[in-house]
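> My questions will all concern the structure given below.
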Amino acid sequence: MNAAKKIIDLLYSDKGYADRIAPDIWPMAINKAQGMFLMQLINRYKPRTFVELGFRYGISSLWIQSASNKPRKHVIIDPYHHIPHPPKKSTIDDFIKQQKGVHFIENMTSQEYLATLSYKSEQADMVFIDASQWFDSVMTDMFFVTRILAVNGRVVLRNIWSRPVRRAVMYYLRNLPYSLDRVAPWREWIIKHVPVIGELLLRLTIRPLDLCVMRLMEKDSRQWNHFVPF
């Protein structure tokens, strides 16, 4: 068992330990099922470069670092991760920042830093988005992610229960060469027919594991006036 997994096990099994770091870790952070799902994706696809948007208390970062095939380069972007409530203890922060291959970006927003990667023509194999749920933020994050993501790379999005996040996902699925790669535990039709189901039912049915995975099938080659309603 690696060091990251040991911290994870303590966090989920010892409420006192979690409270000593931050009293609002749960349900703020990803739950165990979400963490296992993310770790399994990494072990399956073996991304060399992983970009994570959003850190907060670092639970998802721990899951990424606990993967047996953890990425060689793990870029974490979050200039607001301790606003408004910093952790009581910096245990997770200190641990993550000491890990080999971790690059922690705290002085730029996700859009600003992703733009610099795009200008340098750097590529990522997998991206995890768990940042602002504003529609324009998700759309802009995805705009730059699409420019740095390798063909057959994956984007994992959290908070698919949130309407602005879902709307952004539907735009990219219908207008760019993305496909739903893995959606658990729900099915593609749930995302596409959310207005029929209603927000409350959606939250009850998919909130426990509200992640979806999109695969970039090819580079963007749209005509200048391309648009599909979403």
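> Which ³J(HN,Hα) values in Hz, rounded to whole numbers, follow from the phi angles of the stretch 218-230 under the Karplus curve 6.51 cos²θ - 1.76 cosθ + 1.60, where θ = phi - 60° and Gly and Pro get x?
Going residue by residue, I get 7, 6, 5, 9, 5, 6, 4, 10, 5, 6, 10, x, 9 Hz, with x marking Gly and Pro.
> Express in nm, to one decimal, how much length is gained between R167 and E112 on full extension, taking 0.36 nm for each residue of separation and deducting their alpha carbon distance.
Value of the extension gain: 17.5 nm.
> From Cα pairs below 8 angstrom and at least 6 apart in sequence, can you work out the relative contact order of the stretch 3-216, rounded to a whole percent?
18
> Starting from 0.36 nm per residue, how many nanometres of slack lie between S68 and R174 once their C-alpha separation is accounted for?
Contour length minus Cα-Cα distance gives 34.8 nm.
> Within the chain, how many Lys pairs that are eight or more residues apart, or on different chains, come under 18 Å at the alpha-carbon?
27
> Also, quick follow-up: Once a ≥ b ≥ c are taken as the square roots of the eigenvalues of the Cα gyration tensor of the stretch 3-216, is the result rounded (a/c under 1.5), prolate (a/b larger than b/c) or oblate (a/b not larger than b/c)?
oblate
> Right, next: Amide H neighbours of G153 under 5 Å, counting only residues 5+ apart in sequence or on other chains, H built in-plane at 1.01 Å?
Answer set, sorted by chain and number: L216.
Every read-out reported here was derived from the displayed coordinates using simple, explicitly stated rules and does not represent laboratory data. Since the structure is predicted, the reported quantities are computational estimates derived from the model, not experimental observations.
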